[in-house]
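A.B. asks: Let me give you the structure first, and then I'll get to my questions.
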Amino acid sequence: MSFHLKFVMPSHPRYLCIVRAAVTELSLVHGFPEESSQGLTLAIDEALANVIRHAYKGRHDQEVELNCRTVDDRLEFTLLDHGEAPDPARICGQPMDEVSLSGRGTHLIKAVMDEVCYERVPRGNQLKLIKYLPAAKVGADKK
């Protein structure tokens, strides 16, 4: 059975706790173990924080859209913003051996998610993050 949850929220960090709670519960419902669920939640939180910090330059009066879907064997999270488009060459994050504490989010997102795809679409900047469901859960859903 498919599932779709859509958030349209202000670009203010105070709303991130709502999304974190929903993503955590969604991942647990779909059979992810606690540790994987925490990683998934952290990756979505980091992606949203990056939109607020970089695309909107910290402005809290903009809109961010997050769509959470279950599609067959995966969870799909699609973020849409209307801020400044990132330079795709700079989305790679800082080298992990750097002293700076910033720039680690992109590495974390890529490490946790199975697929990460950024593209500029007519409505703005779109980031699609995909995590495949645990095999046992996918098999149980098909019975």
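A.B. asks: Kindly establish whether residue 138 is among the β-branched types (Val, Ile, Thr), modelled with pLDDT under 95 and in contact with an Asp or Glu (Cβ under 8 Å, 6 or more places away or on another chain).
C.D. replies: Here the answer is yes, as residue 138 does meet what is asked.
A.B. asks: Does at least one position in the range 88-108 carry a residue that is at pLDDT 95 or above, of a type outside the set (Val, Ile, Thr) and not in a loop (DSSP other than H, G, I, E, B)?
C.D. replies: No, that holds for no residue.
A.B. asks: Return yes when residue 18 is free of Cβ contacts under 8 Å to residues at least 40 places away in the same chain and either more than 17 Å from residue 134 (Cβ to Cβ) or in contact with a Phe, Trp or Tyr (Cβ under 8 Å, 6 or more places away or on another chain) (or both) and no when it is not.
C.D. replies: yes
A.B. asks: Further, regarding this structure: Please go through (1) loosely packed, with under 15 Cβ neighbours inside 10 Å; (2) in contact with a Leu (Cβ under 9 Å, 6 or more places away or on another chain); (3) farther than 20 Å from residue 133 by Cα for residue 59 and return the number of the only condition it doesn't satisfy.
C.D. replies: (2)
A.B. asks: Name the residue that is nearest to residue 120 (Cα to Cα), counting only residues in the range 63-90 that are among the polar types (S, T, N, Q) and surrounded by fewer than 18 Cβ atoms within 10 Å (Cβ to Cβ).
C.D. replies: Across the range 63-90, the extreme among qualifying residues is 78.
A.B. asks: Give the residues of the range 1-15 that are under 20 Å from residue 132 (Cα atoms) and modelled with pLDDT of 95 or more, sorted by residue number.
C.D. replies: The answer is 4, 5, 6.
The values are calculated or read from the model by the stated rules, or taken from the named source; none is laboratory data. Bear in mind the structure is a predicted one, so any value in this text is a computation, not a measurement. Don't worry about glycine lacking a Cβ; one is built from the backbone with ideal geometry, like all the others, and counts go over all protein chains shown.
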